[in-house]
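One structure is given below, encoded as structure tokens.
The values are calculated or read from the model by the stated rules, or taken from the named source; none is laboratory data. Being a predicted model, the structure only gives us computed values, none of them experimental. For neighbour counting, all protein chains shown are included, and Cβ atoms are generated from backbone atoms with ideal geometry for every residue, glycine included.
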2 protein chains.
Amino acid sequence: MRTRTGFRSVLAAGVLLAGTASPAGAQSMRDVQQAAEARGLTTADLLAAAKTFTPTGMKDEYIIFSSGGHSGQVFVIGVPSMRLLRTIAVFTPEPWQGWGYGVGEEILADGDVNGQPNRWGDTHHPALSETNGDYDGQFLFINDKANARVAVIDLRDFETKQIVKNPLIINDHGGTFVTPNTEYVIEGAQYSTPWAQEYAPIHEYREKYKGSVTMWKFDREKGRIDESQSFAIELPPYWQDLSDAGKLVSDGYMFLNSINTELATGGIENKKPPFEAGVSMNATDYLHIIDWHKAEKVYKAGKTMEVNGFPVIPLNVVIEEGLLYLTPEPRSPHGVDVTPKGDFLVVAGKLDPHVTVYSFAKIKDAIANQTFSGKDDFGVPVLDFDSVVEAQVEVGLGPLHTQFGPDGYAYTSLFLDSAVARWTLGGPYASGHSEPDWTLVHKTPVHYNVGHIGAAEGDTVSPDGKYLVSYNKWSVDRFFPTGPLLPQNFQLIDISKQGSEMPVIYDMPIGVGEPHYAQIIKADKLDPWTVYPEIGWDPQTQAVDPWAPRPKMERVERKDDHTVEVYMTAVRSHFTPEHVVVKEGDKVIWRITNIERAVDATHGFCVPQFDINLSLEPGETATFEFIADEPGTYPYYCTEFCSALHLEMMGYFLVEPRE
Amino acid sequence: MRTRTGFRSVLAAGVLLAGTASPAGAQSMRDVQQAAEARGLTTADLLAAAKTFTPTGMKDEYIIFSSGGHSGQVFVIGVPSMRLLRTIAVFTPEPWQGWGYGVGEEILADGDVNGQPNRWGDTHHPALSETNGDYDGQFLFINDKANARVAVIDLRDFETKQIVKNPLIINDHGGTFVTPNTEYVIEGAQYSTPWAQEYAPIHEYREKYKGSVTMWKFDREKGRIDESQSFAIELPPYWQDLSDAGKLVSDGYMFLNSINTELATGGIENKKPPFEAGVSMNATDYLHIIDWHKAEKVYKAGKTMEVNGFPVIPLNVVIEEGLLYLTPEPRSPHGVDVTPKGDFLVVAGKLDPHVTVYSFAKIKDAIANQTFSGKDDFGVPVLDFDSVVEAQVEVGLGPLHTQFGPDGYAYTSLFLDSAVARWTLGGPYASGHSEPDWTLVHKTPVHYNVGHIGAAEGDTVSPDGKYLVSYNKWSVDRFFPTGPLLPQNFQLIDISKQGSEMPVIYDMPIGVGEPHYAQIIKADKLDPWTVYPEIGWDPQTQAVDPWAPRPKMERVERKDDHTVEVYMTAVRSHFTPEHVVVKEGDKVIWRITNIERAVDATHGFCVPQFDINLSLEPGETATFEFIADEPGTYPYYCTEFCSALHLEMMGYFLVEPRE
């Protein structure tokens, strides 16, 4: 439908928009200018538009997987169009996807805390599965800070397959991050609590409150975390914050930073320093350096204690076995980010205007040579800061999180400056850029209050450059106001040119949820199904369900005096059967298959009065059960507009009163 | 930050992009062309980009309020940027907004069906409040097809204030629509069921299954539906479908179309015609013409019966009092849409390639003259089709829904053609356009399967033209695939030029929910608050809460042996108090105020293990209660990234075991 008048011949002609004598196509460029002018756009705006506008049918080059913050979900966004392509329901029930409204309940219930249903989450850090330190496009992991849970999403169908609840901790933050071949999904703790959130008064903080990191073993074949092969490492009761796994030369190590090495316990109501002050008293906090290869061996050797049924390497063993070393880091740090070659770690501390770069080689040397400046209060050796630091680069106020380009550039978000800094790495990265090593190159203002940033494949062994997204927390005046609750603002930044050219080219409001972090993958690494492989597919097992209803086998079958099984199919534009009659009090086991094979031929299926709504993608089968406890006349219908006769795609569920 | 190099001077120069001799600014246009070419964009694409790209800080000109389909929510979208500015939680709990996770439970519970919580909805037709038939920007109404509920949203803060459950019916469709001064919010039924969803076997359909329309009285002062002043009108057991209220000359009337005038009851499993065939057997269905002014008088005169505690004008009274007339309409109709001057009604029937235009003047005459072609099976007089029809215009396959422009154009969605038709009105609209009256002018292809369409203010007394959005149900190949579940596709169409120029200028994926209908209002008609008017504001009452915690009055107060009240404030970056200690089994009444006055200074507040998460906008106060039934150590924290020390904005909720 779209006319594809190329520009090349027009540019070759050398003269454009030259009034009445202009060549074919030139009139259109004049139209472009006039349309832009009518809306008050500048040439810079139009350039940004040319870089981001994505006409009908054109596919995005990159895909962002973004945490949804306290929406509990994950967002899938295209780059450069910055359009929300899909929400993935994870910790919060979502009826469009049928998640928690007839299917998914068992997975959600696996995340229950003390047997209590907790039907929301605070998703923070998504992690794409990796092979050799590079995204492989197979799985996505995401943590729930609020309840210390981790979810597994299968990127064949973009659906949540597993939720595991951490049995030790009640909230997390430093996760999820994966080891370079996705051997483990890492979940660091946050606000210290007693193991298994037992009660302990606040004055027993030092003795009873705990720090930890949990190593969830991932079984790639099964696409599930194997809880029976997972373990945790006890850490001092600091508040572990972000973490990253080593890669290449640093493979086998992981790095966690921390806040509240002061062990502050707050108490503003009693004239004590509030947490915001108490946890920032020391000039430095501690970077945790952990040898997870060795920890895995220690766990397998059984040198663990059991806490709430879960194996934990206790802190004394951690120290004895040399699994953990600390080193000072700028206070109130947020990100610790490993450079593409695995050779440096960059730590940004919110209350220090520098990024601090550590050399992994120097860390190894310091450990080997026991170059300690002392021990912390819990007996953990502290590596001498000067012996492990490589560089400190002053980047601006409130540095938070760092990502990398392919050309020796690093990018750091500046919360207080509301800016993204570009600066140079040194060492083996020096040849990528023309500026001096370890030097600030440029700052691009963003709007406003940037937390994390994401560069295209910017935390892998091979960053792509080209695009960077600033995940801004506040939008203030950027968009038309939608009441007192405003969206966040994802700003797309063009980082394809070196030096100081690094413009914002798109503002994307996030109109639900508060994203924390996101990863950006090249779209061609993903290979999603567009219909399920076979009719009768159960997405929860990723296999054909032998019980799946099939055409000509539809029926309503009474099993016994109080149990009825329904076998139903859905196809444009009818359900078979159209009448389902049961008796009051019956247990109803309802199986339904969408027998469509056409892409996008999704059917919804609802029995609203029993809180059921399914999203049945082509080939999908689902089973749900309920007690028909209230006699009545209940229409069921297709909730996904599927055809011209979609409104007619319905039936009656009749619950006869028992005498 | 953005350079504002205008185009005017450049255009005045008459020559652009003319190689090295080009004037200032020309180089940038060459950059625009090159950037576009690099991505394979055409001039037409770039023109579309110039019309839609909305740089940082530029506000949208129009706002779309879109139903969220079976997500149960409402979406707020900017035009022409087509960016999702905000989701409004309505029927489905949503933790980012704190909806149903500590606040909103009472409102959600008002929508319970038979005392059963139904925590999702299938939102269909949003209706903006009107004054004199024009949007006034004050309120938004939305129905839930799945459970026959209506919600009221206050556009000062874009939050849901009320949900009413229809006591008569179990599903609806022809709603919400408002009368020209929002006297009533109209909710038409859909799939017939016995009153109050009582049980009746399907063979008693004709006798016991009912049709209806409910008139919810709106109290604009209170911003609430007044259930005590509301009533319903019994209709034949057809499936009432879309509806529209008359305006100007037709004020006082409303129009509902219907399907299944065949009274088909399905039964494909018993070799009976499935619903999709059974409800489309007749060549015509019935347009319902209802005099609601007169119905209001009949209701006030008490000529009603009571059904499930709700007043209903029974069908025999409806007929006797002359409240209802029918007239044939093309079979399987969807939209009935009243022209801007209130003088014509346009009906589109999915199985007839025409739109059928009725003259309201002729309808009035036919009623006055009793020009009946007979009565329907239930004794309702049927107006002679030929005496009330004004025109039939062949527009294409699967016409669904019609909107209007300011220039005598009408626009109709064509589901089967996947196109939007532009055609001309006649009569007093003839002078607006240059084409013959009642004639198809143009069809623009859309992708794919368009349901409703929305033109800017296109169903009011003064349509704006300029933009039309095609709410397409399928996207198929338009976007990078996100697994088998694909987004819907909103396509923005530029209707600013007359004749056959009507291009698609933006594709917006809808990555959650399945929108049905949307209204598009001029943004400057909205006047939302950006902070709540005063500190201690309760959004549920839209007034200051006298119990709202205030600075220096924070405390934890034990009321009796088993009740504790918490008075807490939130401000960047701490809660006061930071320790809340209660005893196992205590009832905790927790009040919290966000004392910020800065725009966008929202704080979240969660106590995750008790399923609590609030979104506290500047000034907002909230109260929630729970039983502290499990001893333990529970961090609470701010879930909305608010400041550099946001992570430190936390406290400990300690539940001491009782002996």
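Here are a few things to note about the model shown:
Yes/no per residue for (1) within 17 Å of B:Tyr205 (Cβ to Cβ); (2) charged (D, E, K, R); (3) out of contact with any Cys (no Cβ under 6 Å at 6 or more places or on another chain):
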{"residue": "B:Pro237", "(1), (2), (3)": "yes, no, yes"}
{"residue": "B:Gly252", "(1), (2), (3)": "no, no, yes"}
{"residue": "B:Leu256", "(1), (2), (3)": "no, no, yes"}
{"residue": "B:Thr284", "(1), (2), (3)": "no, no, yes"}
{"residue": "B:Lys294", "(1), (2), (3)": "no, yes, yes"}
{"residue": "B:Tyr299", "(1), (2), (3)": "no, no, yes"}
{"residue": "B:Lys303", "(1), (2), (3)": "no, yes, yes"}
{"residue": "B:Asn308", "(1), (2), (3)": "no, no, yes"}
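- Within the range B:625-644, the set of residues being at the interface with chain A (Cβ under 7 Å from one of its Cβ atoms) and over 20 Å from A:Pro515 (Cβ atoms) comprises B:Glu630, B:Pro631, B:Gly632, B:Thr633, B:Tyr634, B:Pro635.
- Within the range A:464-489, the residues that satisfy the criterion of being polar (S, T, N, Q) and either more than 10 Å from chain B (Cβ to nearest Cβ) or touching a Lys or Arg at 6+ places or on another chain (Cβ under 9 Å) (or both) are A:Ser470, A:Asn472, A:Thr482, A:Gln488, A:Asn489.
- Residue count for the range A:461-485 satisfying the condition of being surrounded by 24 or more Cβ atoms within 10 Å (Cβ to Cβ) and either in the same structural domain as A:Asp244 (by TED's automatic domain parsing) or among the β-branched types (Val, Ile, Thr) (or both): 2.
- When residues of the range A:93-118 are limited to those that are among the small types (Gly, Ala, Ser) and within 21 Å of B:His124 (Cβ to Cβ), the one surrounded by the fewest Cβ atoms within 10 Å (Cβ to Cβ): A:Gly102
- Taken together, the criteria exclude B:Ile169 from residues that are away from chain A (no Cβ under 13 Å), buried (at least 24 other Cβ atoms within 10 Å of the Cβ) and over 28 Å from A:Val512 (Cα atoms).
Residue-by-condition table, conditions (1) among the polar types (S, T, N, Q); (2) surrounded by fewer than 16 Cβ atoms within 10 Å (Cβ to Cβ); (3) not assigned by TED's automatic domain parsing to the domain that holds B:Ile453:
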| site | (1), (2), (3) |
| --- | --- |
| B:Gly511 | no, no, no |
| B:Tyr517 | no, no, no |
| B:Thr541 | yes, yes, yes |
| B:Pro546 | no, yes, yes |
| B:Glu554 | no, no, yes |
| B:Phe575 | no, no, yes |
| B:Glu584 | no, no, yes |
| B:Ile592 | no, no, yes |
| B:Thr602 | yes, no, yes |
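- Among the candidates B:Val504, B:Val461, B:Val531, B:Val512, residue that is touching a residue at least 40 places away in the same chain (Cβ under 8 Å), facing another protein chain (nearest Cβ under 9 Å) and more than 30 Å from A:Glu94 (Cα to Cα): B:Val504
- Failed item in (1) under 26 Å from B:Glu620 (Cβ atoms); (2) more than 8 Å from every other protein chain (Cβ to nearest Cβ), with B:Glu94 passing the rest: (2)
- Taking the criterion of being more than 9 Å from every other protein chain (Cβ to nearest Cβ) and either assigned to a strand (DSSP E or B) or in contact with a His (Cβ under 9 Å, 6 or more places away or on another chain) (or both), the residues of the range A:490-501 that qualify are A:Phe490, A:Leu492, A:Ile493, A:Asp494, A:Gln498, A:Gly499, A:Ser500, A:Glu501.
- Residue match in the range A:545-563 (condition: of a type in the set (A, V, I, L, M), at the interface with another protein chain (Cβ under 10 Å from one of its Cβ atoms) and in contact with a His (Cβ under 9 Å, 6 or more places away or on another chain)): yes
- The listed residues are B:Arg558, B:Arg550, and the only one of them that is touching a strand residue (DSSP E or B) at 6+ places or on another chain (Cβ under 6 Å), more than 25 Å from A:Asp144 (Cα to Cα), surrounded by fewer than 20 Cβ atoms within 10 Å (Cβ to Cβ) and not assigned by TED's automatic domain parsing to the domain that holds B:Pro93 turns out to be B:Arg558.
- The number of residues in the range B:136-156 that are crowded, with 24+ Cβ neighbours inside 10 Å and outside any strand (DSSP E or B) comes to 5.
- Sole residue being under 15 Å from the mean Cα position of the chain (by Cα), touching a residue at least 12 places away in the same chain (Cβ under 8 Å), assigned by TED's automatic domain parsing to the domain that holds A:His516 and within 29 Å of A:Ala264 (Cβ to Cβ), chosen from A:Thr160, A:Thr176: A:Thr176
- Selection of the range B:434-472 for residues being assigned to a strand (DSSP E or B) and either modelled with pLDDT under 95 or over 13 Å from B:Asp494 (Cβ atoms) (or both) yields B:Leu440, B:Val441, B:Lys443, B:Pro445, B:Val450, B:Gly451, B:His452, B:Ile453, B:Gly454, B:Tyr471, B:Asn472.
- Of B:Ile289, B:Ile319, all but one fail to be in contact with a Gly (Cβ under 7 Å, 6 or more places away or on another chain), more than 14 Å from chain A (Cβ to nearest Cβ) and either free of Cβ contacts under 8 Å to residues at least 60 places away in the same chain or aliphatic (A, V, I, L, M) (or both); the exception is B:Ile319.
- Inspection of the range A:26-40 finds no residue satisfying the criterion of being within 7 Å of chain B (Cβ to nearest Cβ), buried (at least 23 other Cβ atoms within 10 Å of the Cβ) and assigned to a loop (DSSP other than H, G, I, E, B).
- Residue among B:Val389, B:Val338, B:Val380 that alone is touching a residue at least 40 places away in the same chain (Cβ under 8 Å) and closer than 23 Å to B:Pro428 by Cα: B:Val338
- Only listed residue being surrounded by fewer than 24 Cβ atoms within 10 Å (Cβ to Cβ), without any contact (Cβ under 8 Å) to a residue 60 or more places away in the chain and part of a strand (DSSP E or B), chosen from A:Glu659, A:Glu625: A:Glu625
- Residues located in the range B:203-227, provided they are more than 14 Å from chain A (Cβ to nearest Cβ), part of a strand (DSSP E or B) and either surrounded by 18 or more Cβ atoms within 10 Å (Cβ to Cβ) or free of Cβ contacts under 8 Å to residues at least 40 places away in the same chain (or both): B:Ser212, B:Val213, B:Thr214, B:Met215, B:Trp216, B:Lys217, B:Phe218, B:Asp219, B:Ile225, B:Asp226
- For the range B:263-277, taking the residues that are surrounded by fewer than 18 Cβ atoms within 10 Å (Cβ to Cβ) and within 33 Å of the chain's Cα centre (by Cα), the one that is farthest from B:Asp352 (Cα to Cα) is identified as B:Leu263.
- The set of residues in the range A:543-561 that are part of a loop (DSSP other than H, G, I, E, B) and touching a Pro at 6+ places or on another chain (Cβ under 9 Å) contains only A:Glu554.
- Candidate set from the range A:363-419 (those that are among the β-branched types (Val, Ile, Thr) and buried (at least 22 other Cβ atoms within 10 Å of the Cβ)); member that is farthest from A:Phe344 (Cα to Cα): A:Val395
- Inter-residue pairs, beta-carbon under 7 Å, first more than 7 Å from every other protein chain (Cβ to nearest Cβ) and assigned to a loop (DSSP other than H, G, I, E, B) and in the range A:48-71, second crowded, with 24+ Cβ neighbours inside 10 Å and of a type in the set (A, V, I, L, M, F, W, C), 6+ apart: A:Glu61/A:Val79; A:Gly68/A:Val74; A:Gly68/A:Phe75
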